[in-house]
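First the structure, in the form of structure tokens, and then the observations on it.
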Amino acid sequence: MADIILGIESSCDDTSAAVIKDGWLLSNVIASQDVHKAYGGVVPELASRDHERNIVPVVSEAISRAGIRKEDLTAIAFTRGPGLLGSLLVGTSFAKTFALSLGIPLVMVNHLQGHVLANFVKQEGSENRQPSFPYLCLLVSGGNSQIVKVNSPLDFEILGQTIDDAVGEAFDKCSKMMGLGYPGGPVIDRLAKQGDPLRFKFAKPHIEGLDYSFSGIKTSLLYFVRDEMAKDPEFMEKNKEDICASFQKALIDILLDKLVKAAKQTGIKDITIGGGVSANSGLRGRIVEEGQKRGWNTFLPEFKFTTDNAAMIAIAGYFHYQAGERCPMDIAPVSRIADF
């Protein structure tokens, strides 16, 4: 009998529901929130209110697009954390209520696991390439920058991680500093395509091992822009493409330096990326370039699976369900999770 999993994702400002049948994606619906752009970042209270408005129609649409009835569901997988607690509460409460009404099991998923396993979502008409275990995943988002060794769908080992800011946070904060808007990553990526990545140099951290640090490069950019604008108030506007290209290259250099080191230390050749920053065109291009140079098998998630989405939660939930894992109905969401 087929296992049909409904995935629910509500960790930040996207409400999403997806249906997976034996690993194959039947539907993936996402409702995004535009209200936060006016504030330059996600406002938790506004996010949770929009989740309350969106959760029922989004789940209903996902089930409809999948061509199934709610009674056909085998289990419900939901994001327990990490994320914004108010947003997580909406998804968790709905998942528990829906599971109880249908009399089916509930499966909790670590949001980061979903990003790491996104390449395992199978789709009709797609190549559906999947990495072999063990593989390395460069997990990069607004809240996380990690190198993860994935031994199996449920066995993860963090080899390195940021000791301060995440790379996505560095993109967003520096975009805000330059007055480019929110979210910063896509804006900087777009402007970087028109600029010279070798025009300016920014200080890079020297951190031992495989850990990352991105606070210093933000400070380097801040002082650079301040000093140059003191000489010429129009400096930012005249040079924003080159600044973005040079800054983006510096961030990618930092990420790739540690990833290359991890691949050498482990001898692993299957390399993936995941998380919101994995949509960055510069990073995707460099991963492919390094892979060709070093004999890696590289796997890039489709753009629709890079941002927060329920398809990745459903596939992670599918693996947990197959392993016999279930969670009690008194489970509570958590804003932080220590590990995988």
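The values are calculated or read from the model by the stated rules, or taken from the named source; none is laboratory data. Predicted model, so just to flag it, every value in this text is computed and none were measured. With ideal geometry, Cβ positions are generated from the backbone for all residues, glycine too; neighbour counts draw on all protein chains shown. Just the protein is used for accessible areas: all its heavy atoms, side chains included, with ligands, DNA and RNA removed. Shrake-Rupley method; radii C 1.70, N 1.55, O 1.52, S 1.80 Å.
Descriptive notes on the structure:
- Fraction of the pair-distance distribution of region 240-289 above 16 Å, Cα-Cα pairs, percent: 45
- Of all accessible heavy-atom area on region 1-142, the percent that carbon and sulfur account for (1.4 Å): 51
- Kirkwood Rh (inverse of mean 1/r, distinct Cα pairs), region 126-247, angstrom: 16.1
- When only Cα pairs below 8 angstrom with a gap of at least 6 residues are kept, region 248-340 shows a relative contact order of 26 percent.
- Helix 310-322 and the long axis of the chain differ in direction by around 50°, with both axes built from C-alpha atoms.
- Measuring nothing but protein heavy atoms, the accessible surface of region 211-297 at 1.4 Å probe radius is 49 percent carbon and sulfur.
- Rounded to 5, percent antiparallel among DSSP beta bridges of region 6-120: 60
- Column: log10 I(q)/I(0), Debye, Cα scatterers of region 238-340, q = 0.21 Å⁻¹: -1.19
- Surface analysis of region 62-114 yields an accessible area of 37 Å² per residue, using protein heavy atoms and a 1.4 Å probe.
- Solvent-free Debye scattering, log10 I(q)/I(0), computed from the Cα coordinates of region 124-182 at q = 0.12 Å⁻¹: -0.45
- A 1.4 Å probe run over the protein chains yields, for region 230-340, 43 Å² of accessible area per residue, whole-number rounding.
- Relative contact order [Cα under 8 Å, 6+ residues apart], region 122-212, whole percent: 22
- Gaussian network model of the chain, Cα within-10 Å springs - most flexible of 50, 13, 155: 155
- Of the GluC sites (Glu not before Pro) found in region 108-185, the ones in coil according to DSSP and having at most 11 other Cβ atoms within 10 Å of their Cβ are 124, 127.
- Region 226-295 and region 83-120 have Cα centres spaced 32 Å apart.
- For a straight C-alpha distance cut-off of 14 angstrom, the aspartates and glutamates reachable from residue 218 (same-chain residues fewer than eight places away being disregarded) are 164, 165, 169, 172.
- Tilt relative to the chain, helix 167-177 - C-alpha long axis, 0 to 90 degrees, to 10: 60
- Relative contact order, percent, the chain [alpha-carbon distance under 8 Å, six or more residues apart]: 25
- Heavy-atom surface of region 153-209, accessible at 1.4 Å and reported per residue (Å²): 54
- Measuring between alpha carbons in the structure, the pairs from 201/269; 37/70; 37/201; 149/249; 201/231 lying more than 28 angstrom apart are 201/269; 37/70; 37/201.
- Gain upon complete extension [residue 151, residue 226; 0.36 nm per residue less C-alpha separation]: 22.4 nm
- Alpha-carbon Debye profile of region 142-212, log10 I(q)/I(0) at 0.26, 0.27 Å⁻¹: -1.15, -1.18
- Beta bridge orientation in the chain: antiparallel %, DSSP, nearest 5: 60
- Entry for P(r) over Cα pairs in 20 Å bins from 0, in percent (calculated from the structure that is shown) out of [x] 31, 56, 13, 0; [y] 23, 32, 8, 19, 16, 1; [z] 28, 55, 16, 0: [x]
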